[in-house]
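The structure appears right after this line, and notes come after that.
The values are calculated or read from the model by the stated rules, or taken from the named source; none is laboratory data. Owing to the predicted nature of the structure, the values given are computational and were not obtained by experimental measurement. No Cβ is skipped: glycine too gets one built from the backbone with ideal geometry, and neighbour counts run over all protein chains shown.
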Amino acid sequence: MTRSPLIPPSPSDADYESAHAEHADEAMFERHEPFGLFGAWLEDAKRKEPNDPNAMAVATADADGLPDVRMVLLKALDERGFVFFTNTESAKGRQLAANPQAALLFHWKSLRRQVRARGPVEPVTEAEADAYFATRARDSRIGAWASEQSRPMEGRFALEKRIAEYGLKYALGEVPRPSHWSGYRVLPLEMEFWRDRPFRLHDRLAFRRESVDAAWRTERLFP
């Protein structure tokens, strides 16, 4: 029987003994709400992550409860939650319509940090969707009309044909937002901040609240 090779230790393991002498920065544990800390970490990621520091995994569940996950881009953040945009007739859009809850994961490899969040999901307002859609490149706006996201496609030509058709239809003037294209806001009830530490003794800080209007409580977790 052929054995699968073991994944070698990460390069950072060789430096753990020297790093062990360093004291952990306790500043993150002095936070009483998570959005300020997340904003600071996101700014760090914008400076150090080579590609898409606002990328996040969004997990939903289908009608059978089977989890589904994909990468999207965070497009807005406020004191209520995390916003992303998509075709509402896509797989995730249909799943969120049936079960409006989601989990998020941000992983910044260059910083050795990650943030998890989960909670209910609500649609953004029409005004929010219109405002963001207007900032997209024209070709992306045409693409939002042309793509029947997540549905079967006969071949690449079928997509290119639809792009040409809608490009011609909206050759002049503004490209309006399709009614099936909008955004979602994930309203976290839980958020966890994870930071790499020597010997896998990582820092973990959890924020939890009973409802979207309740106060946050915090606790440190064993790695």
Report task. Could you pull out the residue among 114, 149 that is under 19 Å from the mean Cα position of the chain (by Cα) and modelled with pLDDT under 95? Result -> 149
Query raised in the report: How about the stretch 98-115: which of its residues are closer than 15 Å to residue 196 by Cβ, buried (at least 16 other Cβ atoms within 10 Å of the Cβ) and not aliphatic (A, V, I, L, M)?
Result: 106, 107, 108, 113, 114
Report summary line: In the stretch 176-223, anything without any contact (Cβ under 8 Å) to a residue 24 or more places away in the chain, part of a loop (DSSP other than H, G, I, E, B) and either farther than 18 Å from residue 30 by Cα or among the hydrophobic types (A, V, I, L, M, F, W, C) (or both) is listed as 176, 179, 201, 210, 211, 213, 214, 215, 222
Query raised in the report: In this structure, does residue 101 turn out to be of a type in the set (S, T, N, Q) and farther than 23 Å from residue 38 by Cα?
Result: no
Report task. Identify the residue in the stretch 150-187 that is in contact with a Lys or Arg (Cβ under 9 Å, 6 or more places away or on another chain) and of a type in the set (Lys, Arg) and, among all such residues, is farthest from residue 133 (Cα to Cα). Result -> 185
Report summary line: Per the filter on the stretch 177-210, residues over 21 Å from the mean Cα position of the chain (by Cα) and small (Gly, Ala, Ser) are 179
Requested in this report: Identify all residues within the stretch 158-195 that are within 30 Å of residue 111 (Cβ to Cβ) and either of a type in the set (Lys, Arg) or surrounded by 16 or more Cβ atoms within 10 Å (Cβ to Cβ) (or both); write none if there are none.
Outcome: 183, 184, 185, 186, 187, 188, 189, 191, 192, 193, 194, 195
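Being among the aromatic types (Phe, Trp, Tyr), in contact with a helix residue (DSSP H, G or I) (Cβ under 7 Å, 6 or more places away or on another chain), in contact (Cβ under 8 Å) with a residue 12 or more places away in the chain and surrounded by 14 or more Cβ atoms within 10 Å (Cβ to Cβ), is that true of even one residue in the stretch 130-149?
Yes - at least one qualifying residue is present in the stretch 130-149.
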Requested in this report: Out of 25, 15, report the one residue that is of a type outside the set (Ser, Thr, Tyr), assigned to a helix (DSSP H, G or I) and modelled with pLDDT under 95.
Outcome: 15
Report summary line: When every residue in the stretch 48-61 that is in contact (Cβ under 8 Å) with a residue 24 or more places away in the chain and in contact with a strand residue (DSSP E or B) (Cβ under 6 Å, 6 or more places away or on another chain) is compared, the one surrounded by the fewest Cβ atoms within 10 Å (Cβ to Cβ) is 57
**Report entry** Restricting the stretch 72-84 to residues that are touching an Asp or Glu at 6+ places or on another chain (Cβ under 9 Å) and under 20 Å from residue 53 (Cβ atoms), the residue that is surrounded by the fewest Cβ atoms within 10 Å (Cβ to Cβ)
**Finding:** 73
Requested in this report: Please work out which one of (1) without any contact (Cβ under 8 Å) to a residue 24 or more places away in the chain; (2) within 26 Å of the chain's Cα centre (by Cα) is the condition residue 164 fails and give its number.
Outcome: (2)
